[in-house]
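Student: What follows is a single structure, and I will ask about it in a moment.
The values are calculated or read from the model by the stated rules, or taken from the named source; none is laboratory data. Fair warning: this is a prediction, and the values are worked out from it, not measured in the lab. Cβ atoms come from the backbone with ideal geometry, glycine included; neighbour counts cover every protein chain shown. We work out accessible area using only protein heavy atoms, side chains counted, and drop any ligands, DNA or RNA first. Shrake-Rupley method; radii C 1.70, N 1.55, O 1.52, S 1.80 Å.
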Amino acid sequence: MTTTTEGGWNLPISERELAQLTREMQDAHQETLPAMRASATDLAEELRARGAGGPRDAGRRRFLLGAGGAAAAVVLAACSSSKSSSSPSATAGSSMPASGAASGVYTGDLKVVALATALENQAVGAYQTALDAAKNGKLGTVPPAVADFITTAMAQHTDHAKAWNAVLTGAGKPAIMDVPLSNQADTVAALGKATSVGDVAKLALMLEDQAAQTYLFATYNVTSPAGIATAATIAPVEAMHAAILNYVLGQYPVPNDFLPVDKAASPTLLTV
């Protein structure tokens with residue numbers, strides 16, 4: 001049974017179904033937390049060693065590219081709603097410049113880590129804005145199951161941001177606590193114009209697709225083995241967020257052989 005809210009917006013699936021999907025999303029997140037935190041710690045240590053002239057573990061990178069990266073692609077494909085059949089290797093050159101070309105405070109793989117942190121902060125801010133708008137009655141009646149999904153997804157993005165910031169500070173770089181992205185003003189403006197849960201869901205889906213595809217792209221392009229592992233651990237959870245939002249919008253997620261990366265964010269979005 002669908003739920004009709006003020007303003008005529010309909011939740012296409014039942015609240016019970018949405019609640020179940022949210023529980024499954026949270027279970028997946030909890031299962032990945034230990035591996036995510038461990039790989040983030042390894043990444044910080046690896047980047048510190050590299051800064052001191054330490055060697056790269058090329059053998060482990062090859063293993064992760066073959067196993068971790070491939071596994072991420074398979075899991076993400078199962079959650080994908082895109083109808084594109086482009087593989088990461090086919091579109092990578094046009095989506096994100098090589099991390100070695102980055103400059104400034106965050107260089108090399110740290111540029112990608114900084115981008116990931118900013119994207120997570122952006123998602124947290126977007127979901128918090130949605131909750132505030134709902135509390136103030138700007139979105140009409142918000143079904144409890146939708147509010148629970150938003151709260152859960154926001155908490156998961158917070159966990160991911162903490163993991164990435166631990167990498168930055170562990171490597172001797174400043175943490176990113178805000179959203180230093182050139183598209184942030186447009187995102188905030190779009191959220192301010194939202195008048196229904198459907199409007200918010202469309203914007204959130206855009207952010208979730210961007211995050212999932214950015215992480216998938218990172219598994220094929222960062223040079224750090226631990227960086228690949230961290231991205232590969234987080235990416236499937238982001239893809240689950242996107243899949244559930246598709247259900248909320250009445251769009252059945254259609255699995256793909258490969259998740260595309262045409263929506264992957266570029267480090268050029270960073271304003272730091």
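Student: Modelled with pLDDT under 90, aliphatic (A, V, I, L, M) and closer than 19 Å to MET206 by Cα, is that true of MET96?
Tutor: Numbers: modelled with pLDDT under 90: yes; aliphatic (A, V, I, L, M): yes; closer than 19 Å to MET206 by Cα: yes.
It is true that MET96 is modelled with pLDDT under 90, aliphatic (A, V, I, L, M) and closer than 19 Å to MET206 by Cα.
Student: Checking the conditions here, which among TYR252, TYR215 is open to solvent by 40 Å² or more (accessible area, probe 1.4 Å), in contact with a helix residue (DSSP H, G or I) (Cβ under 8 Å, 6 or more places away or on another chain), among the hydroxyl-bearing types (Ser, Thr, Tyr) and modelled with pLDDT under 95?
Tutor: TYR252
Student: Scan region 135-149 for residues that are touching a residue at least 12 places away in the same chain (Cβ under 8 Å) and either charged (D, E, K, R) or open to solvent by less than 30 Å² (accessible area, probe 1.4 Å) (or both) and report the count.
Tutor: Within region 135-149, the first condition is being touching a residue at least 12 places away in the same chain (Cβ under 8 Å), and the residues that meet it are 138-149.
Narrowing the set further to residues that are either charged (D, E, K, R) or open to solvent by less than 30 Å² (accessible area, probe 1.4 Å) (or both) leaves 138-140, 143, 145-146, 148-149.
Final tally of qualifying residues: 8.
Student: Of the conditions (1) at pLDDT 95 or above; (2) of a type outside the set (Gly, Ala, Ser); (3) open to solvent by 10 Å² or more (accessible area, probe 1.4 Å); (4) in contact with a helix residue (DSSP H, G or I) (Cβ under 8 Å, 6 or more places away or on another chain), MET206 fails just one. Which one is it?
Tutor: Only one criterion is unmet by MET206, namely (4).
Student: Does ALA204 satisfy being in contact (Cβ under 8 Å) with a residue 12 or more places away in the chain, part of a helix (DSSP H, G or I) and under 20 Å from GLN156 (Cα atoms)? Can you show your working first?
Tutor: Details: in contact (Cβ under 8 Å) with a residue 12 or more places away in the chain: yes; part of a helix (DSSP H, G or I): yes; under 20 Å from GLN156 (Cα atoms): yes.
Yes.
Student: Provide a single number: the residues in region 255-272 that are β-branched (Val, Ile, Thr) and at pLDDT 90 or above.
Tutor: Residues of region 255-272 that are β-branched (Val, Ile, Thr), as a first pass: 261, 268, 271-272.
Adding the requirement that they be at pLDDT 90 or above leaves 268, 271.
Selection size over region 255-272: 2.
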